[in-house]
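J.: Pasting a structure below so you can have a look.
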Amino acid sequence: MESYLKDQFGDVKPKNSSEEALQRWRKLCWFVKNPKRRFRFTANLTKRSEAEAIRQTFQANFRVAVIVSQAALQFIQGLTDYKVPEEVKAAGFQIGADELGSIVERHDVKKLGGHGGVEGIVDKLSTSITSGISASEDSLKRRKEIYGVNKFTESPPKGFWFFVYEALQDMTLMILAACALLSLIVGIIMEGWPTGAHDGLGIVASILLVVFVTASSDYKQSLQFKDLDAEKKKISVQVTRDGLRQKISIYDLLPGDIVHLNIGDQVPADGLFISGFSVLINESSLTGESEPVNVNAINPFLLSGTKVQDGSFKMLVATVGMRTQWGKLMATLSEGGDDETPLQVKLNGVATIIGKIGLFFAVVTFAVLVQGLFARKLQDGSHWSWSGDEAMEILEFFAVAVTIVVVAVPEGLPLAVTLSLAFAMKKMMNDKALVRHLAACETMGSATTICSDKTGTLTTNHMTVVKTCICEKVMEVSESGFEIPDSAMKILLQSIFNNTGGEVVNSNGNGRKPEILGTPTETAILELGWKLGGDFQVERQKATIVKVEPFNSLKKRMGVVLELHDGSHRAHSKGASEIVLANCDKFLNAEGEVVPLDESATNYLKDTIEKFANEALRTLCLAYKDIGSEFSAESPIPIEGYTCIGIVGIKDPVRPGVKESVAICRSAGIVVRMVTGDNINTAKAIARECGILTEDGLAIEGPDFREKKDEELLELIPKIQVMARSSPLDKHKLVKHLKTTFQEVVAVTGDGTNDAPALHEADIGLAMGIAGTEVAKESADVLILDDNFSTIATVAKWGRSVYINIQKFVQFQLTVNVVALIVNFSSACLTGNAPLTAVQLLWVNMIMDTLGALALATEPPTDDLMKRPPVGRKGNFISNVMWRNILGQSIYQLIIIWYLQTKGKSAFNLTGSDSDLILNTIIFNSFVFCQVFNEISSREMEKINVFKGILKNYVFVAVLTCTVVFQIIIIEFLGTFANTHPLSLSQWFVSILLGFLGMPIAAGLKMIPVGSC
């Protein structure tokens, strides 16, 4: 079966599957009882293609509209008189939402100019570039009433009755309902009401029970996904309101808000550029054009849903929600859904195979039962005369055959995956991991390699400058800073407070520590400036920033050009120590004077960098260059000829628990590799502290790795444990080789915009929830909400739990399938009747399908899961261990039921007219209790102790209790409808004992070695 599943259903990947592969497996699943339910959590390829067509049409129309609008502007003289709507005036504003929308949507420069440019729009929106809008409740309420809220129209959530209707779409249940109706009509005609209605009402009641239990399970599942979707949409942005910079949800944005955006952010609403540097916007999501657009004072238009590819800037929000281009696009698109997971596809394959076998057995069973009836009538010579009882008998045979299909087609198998994933995803939220794609949770259980960032993932990301080397002197940084010559201090503070992506706010100058905004690295450097007595606002006023090149992981440096009061310009550079130092040809000596950087000084600085790095400190080099008065904003920032101000050493301690988590991963057979942009000595020191770098491990730098040939990489990659000074392309190359050449299942962490390719390429992309950019988060499969490596280990444990839980459920369900099929088929062939009736089989189907999935697919993970090797890319889903348990249990149950069928009457001394009914009730009861105890045995596929932690799983205990209680009710009180007879205490004891004996049998089976494949 495994090879068939791999051949026919193995083309679907955890992500980025081709449409051909998705279409192929759907065609193979031709026998499906309830397509709506079975394929609910698979991609709707029809809707997806429709959505893509709509998107392309929208993009084409939008491009044309912008071009036409811009061309038409050449012929328009001035601005036609704009009349402010009365309600807008009454609310205290001077421009309406539609007018704002037309300016931004059409890139209408002339209309914008007619309103006084961006400054004019700011005034008309009653806001301020420096202070933002008022955060008073009344002011915000008025804005919402006039301009709307920043939310998109969403389809209403599906209610409980929708899932009831969906469950009723089951083809076999419809046929059974028709049988029940016929049974009711014939029964009432033959025997009158209510006696003749019992059989039909029994089937109807069973169908309704199945439908309502199924609908309840599905509805609860949909609520879990709804909660997860709400979590995925939680995006915060920094705005200025009431003069204070603060974080708010993008859904709380209003026109007039001043938003601060950086590289990797998503533009949260349509708006206008206020100020910023080197801004490149990727508008491909709206226009389909891959070429980034320069946004500046000349072209100030920003569109919701686009991405900041480079730069940092302030933006004025103009239109929000459904008035934005992105909102209009989202409203026209139908959701195509997530791609199905490989496990869902495999289980659809299993369900299809068993369904075909079940259909064959059902047809043969029906044929044998009808043939038996015909044979009896031929013997009696009454084959030309048919009574109502005989018609009812044929109807019952047909109902049994249909119910065999109900039981045989394990419709719940693919849905059990979704149930288990939904349960795991909900629990993982509590463990600080947000799963964005279903398949990631499942794939993480097979992970064999984790490529982790260092900063913020393995370390705390709470950075402090603890050492510096300035003016040829290495100094510890105390609370009061350190002493250096005034000239050096002046240039150092100018560099710290101007060449930064951070900001100091609420600086009140009374000695209290100010609030510092920015990345942890920027915060550490700005805190150093504050300790040295510097003032952010004062330093900013001493010079004008002309050009900024924000930090990115390719250049590993950032730069700024200042215009000083005398009209001259000065460039500042900050970044990776070796890279910035290599661009310097001068440095500050002990007196703070600028002197040439000779070989001895270079060696001294390089030794200092290495010494800091060996102490696990991140090192940055600060440098400057005077460039005269000829510089313009269009000119590139110089690369060479800098004067080295000094080296700073930043302490970023290892997170508590990381060493233990790395050890857990190692014992689980998962190789942890550190991939960082830091200095190699810093990386090695941290890697040793975390337990990643071992004696036989290799640490390599990105540039060296890049130059290696494929043959060298074959030998090198298995040994690599640390890659330092790596670029995003190095990370991408490492991931690709691990996946393709070494067939590893790779998980990769990332936080920057440039990490997106590696996150996309990896089997599981893990983005940092705190430090990660929106671009990185969008490319990721899982968000690590606390940026902690220990959480990644937890995700791996939950992934394994999902995989194992599904295996347990499959083992349990296949056992029931095999036994129910063979019992009814063999009985029909040998005795001419089926011991398990339609109502009984429907109850068994519910035990093994919905209730079994709830019990086994929601088992929480144990620490033992991380003591076994990973499944990897080539592992068999239905393993030898599962086949051993399935066949062993099936044989035991078949022997028990066959013995009861052949020797049951004599064993229980059954005589009289009710003997057949009592015997069939004992068989049914024994069969159900075999499943109850088999469910307990299935909690562990290899371990004998199956009771460990059972009471902690409340769902499991509740399902078992409900099954037993309802079984008692069916036997003792619902005999008329379920074709059962109340049993004596001794008969109950034997039924339960026969079920219980399956547990020692299961324990004995687990001692038989079969290998793990």
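J.: State to the nearest 20 debye the size of the charge dipole of the chain about its Cα centre, where the only charges are +1 on K and R beta carbons and -1 on D and E beta carbons.
T.: 1700 debye
J.: Suppose each label sits 7 Å from its Cα in the direction of the beta carbon; what would the residue 917-residue 944 distance come out to in nanometres?
T.: Rounded to a tenth, the inter-label distance reads 4.5 nm.
J.: Tell me the net charge near residue 104. Cut-off is 11 Å between Cβ atoms, residue 104 excluded, with +1 for each Lys or Arg and -1 for each Asp or Glu. It would help to have the intermediate numbers written out before the result.
T.: On the way: positive: 106, 111, 323; negative: 99, 105, 108, 270.
Value of the local net charge: -1.
J.: For the range 464-651, what percent of Cα pairs sit more than 31 Å apart? Before the final figure, lay out each step's value.
T.: Working: 1762 of 17578 pairs.
Above the 31 Å cut-off, the range 464-651 has 10 percent of its Cα pairs.
J.: Could you pull out the pairs from 13/777; 473/513; 513/542; 427/874; 83/247 whose alpha carbons sit more than 24 Å apart here?
T.: Violating the 24 Å Cα-Cα cut-off are 473/513; 427/874; 83/247.
J.: So, by mean Cβ neighbours within 10 angstrom, what's the order for 155-163, 813-821 with the highest one leading? Write out the running numbers ahead of the final one.
T.: Values: 155-163: 12.2, 813-821: 24.8.
Descending packing order for the listed peptides: 813-821, 155-163.
J.: If I stretch the segment between residue 357 and residue 630 completely, what's the gain in nm (0.36 nm per residue apart, minus their alpha carbon distance), one decimal? Can you show the working numbers first?
T.: Values: separation 273, 0.36 × 273 = 98.28 nm, distance 8.35 nm.
Fully extending the segment from residue 357 to residue 630 adds 89.9 nm.
J.: Next question. Hey, with R₀ at 25 Å, roughly what FRET efficiency would residue 296 and residue 540 work out to, going by the Cβ-Cβ distance, to 0.05? Let's see the in-between values first.
T.: Working: r = 21 Å, r/R0 = 0.84.
My answer for the efficiency is 0.75.
J.: Set the bar at 30 Å for Cα to Cα. Now go through 586/731; 736/797; 307/454; 234/467; 110/234 and name every pair that lies beyond it. Kindly include the intermediate steps, with their values, before the conclusion.
T.: On the way: 586/731 34 Å; 736/797 24 Å; 307/454 26 Å; 234/467 38 Å; 110/234 36 Å.
Exceeds cut-off: 586/731; 234/467; 110/234.
J.: Here's a follow-up. Given 20 °C and 1.002 mPa s, compute D for the range 854-909 with the Stokes-Einstein relation, Rh being the Kirkwood radius over Cα pairs; round to the nearest whole µm²/s.
T.: Values: Rh = 15.2 Å.
For the chosen part, D equals 141 µm²/s.
J.: Mind checking the per residue accessible area of the chain for me, 1.4 Å probe, whole number of Å²? Before the final figure, lay out each step's value.
T.: On the way: 42250 Å² over 1013 residues.
For the chain, the solvent-accessible area averages 42 Å² per residue.
J.: Shifting gears a bit: May I ask for the distance between the Cα centers of the range 863-897 and the range 158-175, given as a whole number of Å?
T.: If you average the Cα positions of each part, the centres end up 33 Å apart.
J.: Okay, helix-only estimate at 222 nm for the chain: each DSSP H run of n ≥ 4 adds -39500 (n - 2.57), divide by all residues, round to 500 deg cm²/dmol; what do you get? The partial results should precede the final answer.
T.: Numbers: 39 runs with 517 residues, N = 1013.
The helix contribution divided over the chain gives -16500 deg cm²/dmol.
J.: Further question on the same structure: Using +1 on the beta carbon of Lys and Arg, -1 on that of Asp and Glu, and nothing else charged, what's the dipole of the range 464-651 about the Cα centre, debye to 20?
T.: On the way: 20 positive and 27 negative charges, 110 e Å.
For the range 464-651, the charge dipole is close to 520 debye.
J.: Give the relative contact order (percent, whole number) for the range 464-651; include only Cα pairs under 8 Å separated by 6+ residues. List each step's numbers first, then the result.
T.: Details: 361 pairs, mean separation 49.2, N = 188.
For the range 464-651, the relative contact order is 26 percent.
J.: Okay, moving on. May I ask which residue of 529, 589, 617 lies farthest towards the positive end of the charge dipole of the range 464-651, with charges of +1 (Lys, Arg) and -1 (Asp, Glu) on Cβ and the Cα centre as origin?
T.: Towards the positive end, the residue furthest out is 617.
J.: How far is helix 137-147 tilted, in degrees, relative to the longest principal axis of the Cα atoms in the chain, given as a value from 0 to 90 rounded to the nearest 10?
T.: 80 degrees
J.: Among 663-669, 583-589, 132-138, how do they line up by average Cβ neighbours within 10 Å per residue, starting with the highest?
T.: Values: 663-669: 17.3, 583-589: 19.3, 132-138: 14.9.
Final packing ranking: 583-589, 663-669, 132-138.
J.: Which aspartates and glutamates, if any, have their Cα less than 13 Å from the Cα of residue 141, not counting same-chain residues under 8 positions apart?
T.: 252
J.: Now for a different question. Once you place label points 7 Å from the Cα toward the Cβ at residue 483 and residue 830, how far apart are they in nm?
T.: 10.2 nm
J.: Continuing with the same structure: Given contacts defined as C-alpha pairs under 8 Å and at least six residues apart, what's the relative contact order of the chain, whole-number percent? Before the final figure, lay out each step's value.
T.: On the way: 1851 pairs, mean separation 121.5, N = 1013.
This gives 12 percent for the chain.
J.: Calculate the translational D of the chain in whole µm² s⁻¹ from Stokes-Einstein, where the hydrodynamic radius comes from the Kirkwood formula applied to all Cα pairs, the temperature is 25 °C and the viscosity 0.890 mPa s. Before the final figure, lay out the partial values.
T.: Values: Rh = 33.0 Å.
It comes out at roughly 74 µm²/s.
J.: Roughly how far apart, in whole Å, are the Cα centres of the range 234-257 and the range 433-482?
T.: Each part reduced to its Cα centre gives a spacing of 27 Å.
J.: Using Cα atoms only, what is the angle between the long axis of helix 388-408 and the major principal axis of the chain, expressed in degrees (0 to 90) to the nearest 10?
T.: That works out to roughly 30 degrees.
J.: Which residue, chosen from 956, 489, 922, occupies the Cα position most advanced towards the positive end of the dipole of the chain, where the dipole is computed from +1 (Lys, Arg) and -1 (Asp, Glu) charges on Cβ about the Cα centre?
T.: 922
J.: With all protein chains present, how much of the accessible area of the chain (probe radius 1.4 Å) comes from carbon and sulfur, to the nearest whole percent? Present the calculation step by step, with values, prior to reporting the outcome.
T.: Numbers: 24200 of 42250 Å².
C and S atoms contribute 57 percent here.
J.: To the nearest 10 degrees, how steeply does helix 728-740 sit against the main Cα axis of the chain, on a 0 to 90 scale?
T.: Helix 728-740 sits at roughly 20 degrees to that axis.
J.: Right, another one. Between residue 375 and residue 429, what is the label-to-label distance in nm when each label sits 7 Å out along the Cα-to-Cβ direction?
T.: Reported label-point gap for residue 375 and residue 429 is 5.9 nm.
J.: Given H placed 1.01 Å from N in the peptide plane, which residues other than close sequence neighbours of residue 275 have an amide H under 5 Å from its amide H?
T.: When sequence neighbours closer than 5 places are left aside, the close amide H contacts are 314.
J.: Calculate how many DSSP beta bridges within the chain are antiparallel, expressed in % of all such bridges and rounded to the nearest 5.
T.: 75 percent
J.: For residue 999 and residue 590, calculate 0.36 nm times their separation in residues minus their Cα-Cα distance, and state this gained length in nm to one decimal. The partial results should precede the final answer.
T.: On the way: separation 409, 0.36 × 409 = 147.24 nm, distance 8.15 nm.
That pair, residue 999 and residue 590, stretches by 139.1 nm at full extension.
J.: Report the extension gain between residue 144 and residue 182 in nm, rounded to one decimal, defined as 0.36 nm multiplied by the number of residues separating them, less their alpha carbon distance.
T.: Working: separation 38, 0.36 × 38 = 13.68 nm, distance 6.01 nm.
Value of the extension gain: 7.7 nm.
The values are calculated or read from the model by the stated rules, or taken from the named source; none is laboratory data. Just so we're clear, the structure is a prediction, and the values are computed from it rather than from any experiment. Cβ coordinates were reconstructed from backbone atoms using ideal geometry, including for glycine residues, and neighbour counts include every protein chain displayed. Remember, those area values only see protein heavy atoms, side chains included, never the ligands or the DNA or RNA. Shrake-Rupley method; radii C 1.70, N 1.55, O 1.52, S 1.80 Å.
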